[in-house]
Structures are given as structure tokens and as C-alpha cells.
Amino acid sequence: MRFTRYLIKPGSKVRLTDWDPGDRSASPGSKEEDTKQLEKLSERLAELQNVLYAEHKHALLIVLQGMDTSGKDGTIRKVFSRVDPLGVRAVSFKAPTEEERDHDFLWRVHRHVPGKGEIVIFNRSHYEDVLVVRVHGLITDKECKRRYVHINNFEWLLADSGTTIVKFYLHISKEEQKKRLQERLEDPRKRWKFRVEDLAERGYWHDYRKAYEDALSATSTEWAPWYIVPADSEMNRNLFVCHVLLETLEDLKMKYPKPKDRLEGIVIK
Ligand code: ADP
């Protein structure tokens, strides 16, 4: 695989400062070349989604995580722009409701996982329950460790039932976040997105980094690996995610199924 070096080896310890958010190895061309390449790759992704649906053997779960403004929404928009909307579902996870909080943290997540033939993208996910809640001291470190075990077991259940899982951490720098927040403040089409609370969260940058490092280290498994995506460049981020998804789907060696009936000699009048 071309992007294996961005994959967190199970059991290894992640230090995010070792990873360059500005790395552009996935987008080596000019803007025009990269745009063309992205179009080509997203068309190929659409084709593979079609086979995934037709074959009805595998399910694909994509988990997107990252700091505020890391580009989760944009990735979904661009990478899946060519995919048939009938074949893909994006689920956004917000702060849990009272009913959700009354259950175990995976309760609300399990019902959204993909069925056979389906692609589901988690825009935030069950990982918020070892990130934001940890940063704000709503769970102890001990409880957080237990949650890692639950997550690994949960993902193993999914993988063992025919779901391929790929998890992306969209890695941006603090400077890039500043730029993007500034843009939100200034651009009338983006202002609605600006939330004062995001500034408070930015103040927790180092706590989030630590929480991410621990979570990524504890939950990158053979059956549900994490990729660190250099995401200061949107083009690099989109091409990276597209490449990894294509390689993942191609590895499944999917085929269109044979028709159920014998079709030889049929003439349509
Ligand atoms: P986004 O930032 O993803 O575009 P929002 O601005 O609506 O969308 O943010 C969703 C918020 O929900 C985030 O602040 C996130 O931390 C929060 N959230 C998601 N899952 C949980 C959870 N399990 N516990 C607490 N907060 C959560």
C-alpha cells in the first residue's frame, strides 16, 4: 500500500509532533493536475461503490476525526462527490441527548453502522467519548482506558461480521486552525459556522492533542487501523483519503454477481 507509512502500527505509541500536517506527498502535481486526479479517483470510488452494492458481501465504515476546522465536512463533500447518494450515508455525531447519555456510549453508534453493500461515513464518532469528554474531565483516565477496550471489541465485532473499517485522523496545525477560524469570521458564507465555544476548545489544543495521541495509540488495530492524514492542505487531504479508500476497496477483490437467471438467448421485443 502506498500510504502504509501513515498507518499507525497496532501497539505503537503516537506522537503527533512527529507528523507534519503540511506534508503534501499525496498531492504532488499542480493545482490543475491534482484537481483532475481527484476527479478521476472519485469516479473510480463511485464505480467501486457500485460493485460493493451489487455484490452485497461487504460493508465499509469510514471514521473521520480531527480538531475543529480540520475539514471533516469538506472531505466528505469532495471525496464522495461522484458516489451515488443512494449508496453512501454520512452520520454526524453531536453532543449526546439525555436518552443517549442514559445508555452505554456505543448504544447510539451501533444502529448507524453500515449493512452489507453500504458505505457509512462517521463525521465524528464514538471516539468523541474518549476525546471531548476526557479533555473536559467528564471521565477519569481509568474509565477512558476501559472505553478503549470497549471500542476495540466493538470494532472487532463489526469487522468479524464483514465490515471493513478505516479511520482517518485529519491532522492540522494550530496555525492552520487559526487561519480557518479567521476565514469563518470574515467570510459571510462561513460566519454562521463560527461558534465562540470553538475558541474555548482551541484553548485546550494541547489537551486534545494528548487525548488524540492516547486514543490513536490504543485503538489502531489490525481490523480497524488509523491513518494520520496531513490535512493543512485540503487537496492533499482529499487525495490521501481517496487513495486509501480505493486501495482498501480494491483489496476486497469485489465482483459483480452473476445474474440469477439464465440470460442467454433472451430477446427483448
Ligand atoms: P462539527 O464541529 O462536527 O461540524 P458541531 O459544531 O455541531 O459540528 O459540533 C458537534 C459537537 O458535538 C462537537 O463539539 C463535539 O465535540 C460534540 N460531541 C460529539 N459527540 C460527543 C460526545 N459523545 N460527547 C460530548 N460531545 C460530543
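The values are calculated or read from the model by the stated rules, or taken from the named source; none is laboratory data. Since the structure is predicted, the reported quantities are computational estimates derived from the model, not experimental observations. In this analysis, Cβ positions are derived from the backbone assuming ideal geometry, glycine residues included, and neighbour counts consider all displayed protein chains. In case anyone asks, the SASA skips ligands and DNA or RNA and just uses the protein heavy atoms, side chains included. Shrake-Rupley method; radii C 1.70, N 1.55, O 1.52, S 1.80 Å.
So, of the residues in segment 186-223 that are in a helix (DSSP H, G or I) and of a type in the set (S, T, N, Q), which turns out to be surrounded by the fewest Cβ atoms within 10 Å (Cβ to Cβ)?
Ranking the candidates gives S217 first.
Kindly provide the set of residues from segment 136-154 that are of a type in the set (S, T, N, Q) and either under 19 Å from the mean Cα position of the chain (by Cα) or in a helix (DSSP H, G or I) (or both), ordered by number.
N152, N153
Before we move on, is L263 assigned to a helix (DSSP H, G or I), over 30 Å from L158 (Cα atoms) and open to solvent by 40 Å² or more (accessible area, probe 1.4 Å)?
no
Between D214, D232, D251, which is in contact with a Cys (Cβ under 9 Å, 6 or more places away or on another chain) and either among the acidic types (D, E) or free of Cβ contacts under 8 Å to residues at least 60 places away in the same chain (or both)?
One residue alone meets the criteria, D214.
Restricting attention to segment 120-167, which residues are within 16 Å of the ligand (Cβ to nearest atom), among the acidic types (D, E) and buried (at least 20 other Cβ atoms within 10 Å of the Cβ)?
D129
Wholly within segment 20-119, which helices (runs of 4 or more DSSP H) include no fewer than the required count, namely at least 3 residues that are more than 16 Å from the ligand (Cβ to nearest atom) and open to solvent by 20 Å² or more (accessible area, probe 1.4 Å)?
Output list reads 31-55.
Quick check: is even one residue across segment 241-250 hydrophobic (A, V, I, L, M, F, W, C) and open to solvent by 30 Å² or more (accessible area, probe 1.4 Å)?
No, there is no match, as no residue in segment 241-250 is hydrophobic (A, V, I, L, M, F, W, C) and open to solvent by 30 Å² or more (accessible area, probe 1.4 Å).
Condition check ((1) over 28 Å from R134 (Cα atoms); (2) in contact with a Pro (Cβ under 8 Å, 6 or more places away or on another chain)) across all residues:
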| site | (1), (2) |
| --- | --- |
| E197 | no, no |
| K210 | no, no |
| W223 | no, no |
| A231 | no, yes |
| L239 | yes, no |
| E250 | yes, no |
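Is it the case, given these coordinates, that G115 is within 30 Å of A54 (Cβ to Cβ) and out of contact with any Gly (no Cβ under 7 Å at 6 or more places or on another chain)?
So G115 fits the description; yes.
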